[in-house]
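Trainee: Pasting a structure here, questions to come.
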Amino acid sequence: MAIKAYQYRLYPTRKQITCLERTLESCRWVYNETLAMRKNAWEQEQRSVSYLETKRQLPLWKQKRPDLKSVHSQVLQDVSHRVELAYQAFFT
């Protein structure tokens, strides 16, 4: 049985492009903030930060940055999870 692959090209409107760019910027900020939190915890206290600790920070960051509220919470959790996977891949 042959497996077929389909490829679609999207042509977003300017409004959709703006929304996508905002979402990417928010995800980028969460990624960098998560990375900084883990790095600072190790440099200052020699302790590693778990995925659950970073996930618990998301509601606090949403209060600090209201633009994060426009991004679905599972998307931001996935960003934190990607940092966790990067750490696991680096240290194993």
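Trainee: Top mean-square fluctuation among ARG38, ARG47, ARG82, Gaussian network model of the chain, C-alpha springs under 10 Å?
Mentor: ARG47
Trainee: How far is helix 73-91 tilted off the main Cα axis of the chain, in degrees rounded to 10, range 0 to 90?
Mentor: That helix lies at roughly 60 degrees to the long axis.
Trainee: On a 0 to 90° scale, report how tilted helix 51-64 is relative to the longest principal axis of the chain, with both axes built from alpha carbons and the result rounded to the nearest 10.
Mentor: 80
Trainee: Starting from the Cα of LYS64, step 7 Å toward the Cβ, then list every residue of segment 31-54 with an amide N under 14 Å from that point.
Mentor: 31-41, 54
Trainee: What spacing in nm lies between the two simple spin-label points modelled at LEU20 and ASN40, each 7 Å away from Cα in the Cβ direction?
Mentor: It works out to 3.3 nm between the two label points.
Trainee: Here is a further query. Evaluate the charge dipole of the chain about its Cα centre and quote only its size in Debye, nearest 20, assuming +1 on the Cβ of each Lys and Arg and -1 on the Cβ of each Asp and Glu. Before the final figure, lay out each step's value.
Mentor: Working: 16 positive and 9 negative charges, 83 e Å.
Dipole of the chain, to the nearest 20 debye: 400 debye.
Taken together, the values in this text are just the output of simple stated rules run on the coordinates, not laboratory data. All figures in this text were calculated on a predicted structure; none of them were measured in a lab. Heads up, the Cβs are rebuilt from the backbone with ideal geometry, glycines too, and the neighbour counts pull from every protein chain shown.
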